[in-house]
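Shown next, in structure tokens, is the structure this report addresses.
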Amino acid sequence: QRLALAGHGSICHPCAFIRRSVFQNIGGYDETMISAQDLDLWLRLGEQGALANLAQPILKYRLQANSVSQKRGGEQRQNARIACERAWKRRGIEGQFEADYAWRPTSDPESRFKFMLQYGWWAFNSCQRWTAALYGWRAIKVAPFKEEGWKLLLSAVLKPMPKETSLTSSSIDLRS
């Protein structure tokens, strides 16, 4: 719940199991939250009981350029902040909103480079060697003289994969 209260979406919608009675009790989705309905829902459900992710991946998720997160990222972050502020008020707590940044890359090369590194290292630490190598290569194409992209690519190709993974109920397929 700490991540959700800071504005991070931590549960993937297609993987959610929710008791119908609890869903109805909280009033379902808040239609005014348009691009952050899921975060608002998780925050309100968390006030009714515990939320959890399974340790095993049960979904492959593909990032697409025409998604709501990509097209309406600013609005999504603004609505996420509102959802968090409402949750802090309901719970009588002070919170810190951490999700002010776009988690998807923008057209800015530095944004794209950081995205490639972030997801490349996530793939490496999730034992997805070839996805990590692909994102290392993409980082190099964006910024060929930056050491970090080369480090990711070489690590993905040459280093042994980590033994322990910390996957949640959502796996992200970053090959597209």
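The values are calculated or read from the model by the stated rules, or taken from the named source; none is laboratory data. From a predicted model like this one, the values you see are computed outputs, not experimental measurements. All Cβ positions, even for glycine, are placed from backbone atoms using ideal geometry, and neighbour counts span all protein chains on display. For the accessible areas, the whole protein counts, side chains as well, though only heavy atoms, and no ligand, DNA or RNA atoms are used. Shrake-Rupley method; radii C 1.70, N 1.55, O 1.52, S 1.80 Å.
Taken over the range 5-50, residues that are open to solvent by 40 Å² or more (accessible area, probe 1.4 Å), of a type in the set (Ser, Thr, Tyr) and within 24 Å of Gln96 (Cα to Cα) amount to 3.
Only one of these is surrounded by fewer than 14 Cβ atoms within 10 Å (Cβ to Cβ), of a type outside the set (Ser, Thr, Tyr) and within 18 Å of the chain's Cα centre (by Cα): Asp100, Asp108. Name it. Exactly one residue qualifies, and that residue is Asp100.
Within the range 128-147, the residues that satisfy the criterion of being open to solvent by less than 60 Å² (accessible area, probe 1.4 Å), without any contact (Cβ under 8 Å) to a residue 40 or more places away in the chain and of a type in the set (A, V, I, L, M, F, W, C) are Ala132, Ala133, Ala139, Ile140, Val142, Ala143.
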